[in-house]
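One structure below.
Derivation of every value follows stated rules applied to the coordinates shown; laboratory data play no part. What you see is a predicted model; the values in this text were computed from it and never measured. FYI the Cβ positions are ideal-geometry reconstructions off the backbone, even for glycines, and counts take in every protein chain you see.
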Amino acid sequence: MHIGLIGGIGVAATVAYYEQLTAAAERMGASLDLTIVHADVHELIRNNLADERGAQATAYARLIDRLKRAGCDCAAITSLGGHFCFEETRAIASLPLVSAVAPLDAYFAAEGLETVGLLGTRVVMETRLYGQLRKTRAVALDDEIATLSRAYLDMAVAGTCSTTQRDLFMDAGHRMTRDHGAEAIVLAGTDLTLAFGGQNPGYRVIDALDVHVDILTRLATDRISLKDLEPSL
């Protein structure tokens, strides 16, 4: 299956998707049919902060049309924060959208997790992953969501993580495990790999990107079909 990615939101996250998809396909001994289009991270941030779901969905839809013309069979948004308008985008998209959020609840449950802590954009943390968790409870540092979100967006735009930003995220994860009962910290923002990559924070970390990449790889190598993902499509 030909996979289409909406990239650029941010660039580091797109690179992580590209690297992991190609590596996973190679491990399976399969070829990868992949096309990436470049979205505007600044436009996404403006629309996300203003909750302009329709405007961002329209921007996505134009990019998805390009992916369709390139021969893609489905599309994916390479940003959990960018999923704030997922339903609005799905309603007007010319290709099926493969969610990065929908599979997480089942994954957490299969891992035996009762409580997870969230790091990501403001909307992701405030809505506890868009309210899509049913089997697992999500927690966040509610009093510090604005600070954490701003640091995350700055990091995503820059494509690099400063020592100060890394310490902020690491400490937030530590306090969620210590004070709020989180059994694992979920990197619910794809650019957080910049902060946590190669680190050992002393608590379990689950990168939501890994779960999404696994599904996309299985689609790309025909291990599963789009029908298998219903009704999340």
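Observations on the model:
- Additional length obtainable on full extension of the chain from residue 137 to residue 174, 0.36 nm per residue less Cα span: 11.6 nm
- Extension reserve of the residue 111-residue 26 stretch, reckoned as 0.36 nm per residue once the Cα distance is removed: 28.0 nm
- Considering only 125, 146, 174, and ranking their Cα positions along the charge dipole of the range 104-208 that arises from unit charges at the beta-carbon of Lys, Arg, Asp and Glu, the one farthest toward the positive end is 125.
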